[in-house]
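K.L.:
Structure incoming, see below.
The values are calculated or read from the model by the stated rules, or taken from the named source; none is laboratory data. Quick caveat: nothing in here was measured; it's all calculated off a predicted structure. Glycine also receives a Cβ, built like all others from the backbone with ideal geometry; neighbour counts cover every protein chain displayed.
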There are 2 protein chains.
Amino acid sequence: MAVYTHVPDDALEALLEDYDIGALVSYKGIAEGVENSNYYLETEQGAFILTLYEKRVDPADLPFFLALMDHLAARDIRCPTPIHGRDGAALRSLCGRPAAIISFLRGVSPRRVAFRHCGPLGDALARMHVAGDDFPMRRTNTMCVAGWRPLFEKCAPRAHEVQHGLAGMIEAELEVLEAGWPAGLPEGVIHGDLFPDNVFFLGDEVSGLIDFYFACTDFYAYDLAICINAWCFEPDGSFNVTKARHMLSGYRKVRPFSDDELTALPLLLRGGALRFLLTRLHDWLFHPEGAMVTPHNPLEYYRKLRFHQSVRRPGELGLD
Amino acid sequence: MAVYTHVPDDALEALLEDYDIGALVSYKGIAEGVENSNYYLETEQGAFILTLYEKRVDPADLPFFLALMDHLAARDIRCPTPIHGRDGAALRSLCGRPAAIISFLRGVSPRRVAFRHCGPLGDALARMHVAGDDFPMRRTNTMCVAGWRPLFEKCAPRAHEVQHGLAGMIEAELEVLEAGWPAGLPEGVIHGDLFPDNVFFLGDEVSGLIDFYFACTDFYAYDLAICINAWCFEPDGSFNVTKARHMLSGYRKVRPFSDDELTALPLLLRGGALRFLLTRLHDWLFHPEGAMVTPHNPLEYYRKLRFHQSVRRPGELGLD
């Protein structure tokens, strides 16, 4: 939770001269987001978010992310809309960083997920998948099965610092996933990181999906698996079947979920758990001294993975 | 620049039930303020700031600060107005901290102070002094001459870590200030910390004064001295006479500045410089490991104090 780059008022005022959104009225650094610096920005025309992309985002990916938000917003998905400057460009430069102004979305992220959140979340996820179906750009998912082993090899020598025997467990899991990872499931643009932090609600309705900076091309069902892992476990580690059922049923009302997708789900859930176990393990072991962001405990996803390793059929998760 | 206390949505929604400002629409932790946790808060009725008071603010002082903001706002000073709950109280409790909702002020703090800012700042400072003149509460300035020596004694054994000979220089300065500190100057409520961060501008007009959590009862001229120190030195350490003149002249258009106050100003400027040298030295030496806030470099105020030690008459500062 940090602002990495401090934007002086004169630099921001100069940036705004490239836009048609009026003069600067107020801005505040927001203590949210672990990847980028974000500012709440108010101009004579309303509220926006100013994002400066920091080193964890590859600038080469930014045109994909911004075009995707444009595409989805044009199809009535409640997501940030990039604001284009007078020259038509949404991606600009500020304080030496790539930067963009996007629309401000109202709503509140639930700290405690209730099952009433899960149906609307499934619905919103499916709508996003459908709306992205004709998005013409592709981006490889660097955080999927092919990307896990290099990350593992970097972490393996120190994995025991987090949990005794962790490297061996991950190695065995990797072999299972690499051998059995499905092929040919319906694919398209996925969000890839749709944790409760990235979803706004107003009452029981989803009012916004944010933070598309892990979006990529992959199986739709893998996106759902990431959501189930993020939304359907209780703080004590138990799996909440009711939440998972509501999420799948909300999803299915919008987009069909095939038998192949359902059959693959237990393995996709293992993969989704391993993905966050590995990235959190990496950040835990290698976060720089004095970093402003406290890394997530990787063991939360270790426990989720352990749970999924014992599941053979979707019916055991309440899903059919 | 940090949010120390994370407020979950359900706790905030419960708090808002005590107010008549509508339901929660959005909130974001703000990466500003080194003392407290602040949130940008939007309800159905508009924008507000939610402040949670952290350990550096004495809860016993909060009624003074909130009553002062009420008093000043009622006299058309552009400062945060505490929002009162249905029971009439502005001070409440959230996540185990004292908390208050105050009005949101538009405007932008100048990163680079220009002389065009200094006249309006002097004007706004004087208006605040005049408006506070009939404020009935008092609060001793713990950061004035009587409070410096205890702070110095805590820092002295380690002051050489910051600058060779620093303890000796401060000791000598303390003797001068303790012996010569003026008495009987006009006094009342001062802001005490009116740095550019705490002043909003819209164009060339002051649109808000914020952060009254060092406000106390002291000489008005000492408040002006703090402002001159904070606004009238250039980044290279040189003193900008034009800025100081504009500030005093803006001040004088609103409130007379007596000959006694002017004569005392060189010593008040030394005191104001020592006050921030000492508090910054303290925070530099004793800030906890892993603190989210980077302390200010105390040497900035060491250099300002050195400058003022060579000044005998206000005329040398361009002030008469």
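K.L.:
Condition first: out of contact with any strand residue (DSSP E or B) (no Cβ under 9 Å at 6 or more places or on another chain) and either under 27 Å from B:Ala67 (Cβ atoms) or within 14 Å of chain A (Cβ to nearest Cβ) (or both). Now tell me which residues in the range B:114-126 satisfy that. Before the answer, list the steps.
P.N.:
Initial filter on the range B:114-126 (out of contact with any strand residue (DSSP E or B) (no Cβ under 9 Å at 6 or more places or on another chain)): B:114-116, B:118-119, B:122, B:126.
Once the filter is applied, which keeps residues that are out of contact with any strand residue (DSSP E or B) (no Cβ under 9 Å at 6 or more places or on another chain) and either under 27 Å from B:Ala67 (Cβ atoms) or within 14 Å of chain A (Cβ to nearest Cβ) (or both), the range B:114-126 yields B:Ala114, B:Arg116, B:Gly122, B:Ala126.
K.L.:
Among the residues of the range B:71-108 satisfying the criterion of being among the basic types (Lys, Arg) and within 14 Å of chain A (Cβ to nearest Cβ), which is nearest to A:Leu41 (Cα to Cα)? Give the steps one after another, and end with the answer.
P.N.:
Residues of the range B:71-108 that are among the basic types (Lys, Arg), as a first pass: B:75, B:78, B:86, B:92, B:97, B:106.
Right, trim to within 14 Å of chain A (Cβ to nearest Cβ) and you get B:78, B:106.
Values: B:Arg78: 21, B:Arg106: 11 Å.
That would be B:Arg106.
K.L.:
What number of residues within the range B:84-108 satisfy the criterion of being under 18 Å from B:Val3 (Cβ atoms), surrounded by fewer than 21 Cβ atoms within 10 Å (Cβ to Cβ) and of a type in the set (Gly, Ala, Ser)?
P.N.:
Residues that pass the stated criteria total 2.
K.L.:
Next question, about the same structure. Failed condition for A:Asp123, given (1) in contact (Cβ under 8 Å) with a residue 60 or more places away in the chain; (2) in a loop (DSSP other than H, G, I, E, B); (3) among the acidic types (Asp, Glu), with all others met?
P.N.:
Checking A:Asp123 against (1) in contact (Cβ under 8 Å) with a residue 60 or more places away in the chain; (2) in a loop (DSSP other than H, G, I, E, B); (3) among the acidic types (Asp, Glu), the one that fails is (2).
K.L.:
For the structure I just gave you, tell me whether B:Phe257 is more than 18 Å from B:Cys144 (Cα to Cα), surrounded by fewer than 23 Cβ atoms within 10 Å (Cβ to Cβ) and touching a residue at least 40 places away in the same chain (Cβ under 8 Å).
P.N.:
Working: more than 18 Å from B:Cys144 (Cα to Cα): yes; surrounded by fewer than 23 Cβ atoms within 10 Å (Cβ to Cβ): yes; touching a residue at least 40 places away in the same chain (Cβ under 8 Å): no.
So B:Phe257 fails the test.
K.L.:
Still on this model: If B:Arg111 meets every condition in (1) over 23 Å from B:Trp284 (Cβ atoms); (2) touching a helix residue (DSSP H, G or I) at 6+ places or on another chain (Cβ under 8 Å); (3) within 14 Å of chain A (Cβ to nearest Cβ) apart from one, which number is that one?
P.N.:
The one condition B:Arg111 does not meet is (1).
K.L.:
Can you tell me which residue in the range A:35-61 is farthest from B:Ile49 (Cα to Cα), limited to those that are hydrophobic (A, V, I, L, M, F, W, C) and crowded, with 18+ Cβ neighbours inside 10 Å? Working first, answer last.
P.N.:
The initial filter retains those residues of the range A:35-61 that are hydrophobic (A, V, I, L, M, F, W, C), namely A:41, A:47-50, A:52, A:57, A:60.
After this cut, where a residue has to be crowded, with 18+ Cβ neighbours inside 10 Å as well, the list is A:41, A:47-50, A:52, A:57.
Details: A:Leu41: 15, A:Ala47: 15, A:Phe48: 17, A:Ile49: 17, A:Leu50: 19, A:Leu52: 24, A:Val57: 31 Å.
For the range A:35-61, the residue satisfying everything is A:Val57.
K.L.:
Further question: Within the range B:141-158, is there a residue that is modelled with pLDDT of 95 or more, within 14 Å of another protein chain (Cβ to nearest Cβ) and within 28 Å of B:Glu234 (Cα to Cα)?
P.N.:
Looking for residues that are modelled with pLDDT of 95 or more, within 14 Å of another protein chain (Cβ to nearest Cβ) and within 28 Å of B:Glu234 (Cα to Cα), one finds none in the range B:141-158, hence no.
K.L.:
Still on this structure, please answer the following. May I ask you to list the residues in the range A:1-14 that are hydrophobic (A, V, I, L, M, F, W, C) and surrounded by fewer than 17 Cβ atoms within 10 Å (Cβ to Cβ)? Before the answer, list the steps.
P.N.:
Narrowing the range A:1-14 to residues hydrophobic (A, V, I, L, M, F, W, C): A:1-3, A:7, A:11-12, A:14.
A:Met1, A:Ala11, A:Ala14 - these are the residues of the range A:1-14 that are hydrophobic (A, V, I, L, M, F, W, C) and surrounded by fewer than 17 Cβ atoms within 10 Å (Cβ to Cβ).
K.L.:
Going by the structure shown, is B:Glu316 over 22 Å from B:Cys155 (Cα atoms) and of a type outside the set (A, V, I, L, M)?
P.N.:
Numbers: over 22 Å from B:Cys155 (Cα atoms): yes; of a type outside the set (A, V, I, L, M): yes.
In short, yes.
K.L.:
Can I ask one more? Taking the range A:188-197, which residues are within 14 Å of chain B (Cβ to nearest Cβ) and at pLDDT 95 or above? If you could, list the steps in order and put the result at the bottom.
P.N.:
Start the filter on the range A:188-197 by keeping residues that are within 14 Å of chain B (Cβ to nearest Cβ), which leaves A:196-197.
Correct list: A:Pro196 only.
K.L.:
In the range B:81-96, is there at least one residue being closer than 27 Å to A:Leu24 by Cβ and in contact (Cβ under 8 Å) with a residue 40 or more places away in the chain?
P.N.:
In the first step, residues of the range B:81-96 are kept if they are closer than 27 Å to A:Leu24 by Cβ; the result is B:81-83.
Right, trim to in contact (Cβ under 8 Å) with a residue 40 or more places away in the chain and you get B:83.
Taking every residue of the range B:81-96 in turn, at least one turns out to be closer than 27 Å to A:Leu24 by Cβ and in contact (Cβ under 8 Å) with a residue 40 or more places away in the chain.
K.L.:
Here is a follow-up. Here are some conditions: (1) at the interface with chain B (Cβ under 10 Å from one of its Cβ atoms); (2) surrounded by fewer than 18 Cβ atoms within 10 Å (Cβ to Cβ). A:Glu17 meets all but one. Which one does it not meet?
P.N.:
Here A:Glu17 meets the rest and fails (1).
K.L.:
Return the residues of the range A:23-60 that are under 16 Å from B:Tyr40 (Cα atoms), facing chain B (nearest Cβ under 10 Å) and among the hydrophobic types (A, V, I, L, M, F, W, C); say none if nothing qualifies.
P.N.:
Correct list: A:Val25, A:Ile30, A:Ala31, A:Ala47, A:Ile49.
K.L.:
Counting just the residues of the range B:283-301 that are closer than 20 Å to B:Thr142 by Cβ and either of a type in the set (Val, Ile, Thr) or at pLDDT below 95 (or both), which one comes out surrounded by the most Cβ atoms within 10 Å (Cβ to Cβ)? Steps first, please.
P.N.:
Within the range B:283-301, the subset closer than 20 Å to B:Thr142 by Cβ is B:283-287, B:295-296, B:298, B:301.
So of that shortlist, the ones also either of a type in the set (Val, Ile, Thr) or at pLDDT below 95 (or both) come out as B:283-287, B:295-296, B:298.
Numbers: B:Asp283: 18, B:Trp284: 19, B:Leu285: 16, B:Phe286: 11, B:His287: 12, B:Pro295: 16, B:His296: 15, B:Pro298: 23.
Going through the qualifying residues, I end up with B:Pro298.
K.L.:
Name the residues in the range B:237-250 that are in contact with a Phe, Trp or Tyr (Cβ under 8 Å, 6 or more places away or on another chain) and farther than 12 Å from B:Leu319 by Cα, would you?
P.N.:
Looking only at the range B:237-250, we keep the residues that are in contact with a Phe, Trp or Tyr (Cβ under 8 Å, 6 or more places away or on another chain), and these are B:237, B:239-240, B:242-243, B:246-248.
Those that are in contact with a Phe, Trp or Tyr (Cβ under 8 Å, 6 or more places away or on another chain) and farther than 12 Å from B:Leu319 by Cα: B:Gly237, B:Phe239.
K.L.:
Does the range A:112-127 contain any residue that is surrounded by fewer than 18 Cβ atoms within 10 Å (Cβ to Cβ) and touching a Gly at 6+ places or on another chain (Cβ under 8 Å)?
P.N.:
In the first step, residues of the range A:112-127 are kept if they are surrounded by fewer than 18 Cβ atoms within 10 Å (Cβ to Cβ); the result is A:112, A:114-116.
If we keep only those that are touching a Gly at 6+ places or on another chain (Cβ under 8 Å) as well, we get none.
The answer is no, given that none of the residues of the range A:112-127 is surrounded by fewer than 18 Cβ atoms within 10 Å (Cβ to Cβ) and touching a Gly at 6+ places or on another chain (Cβ under 8 Å).
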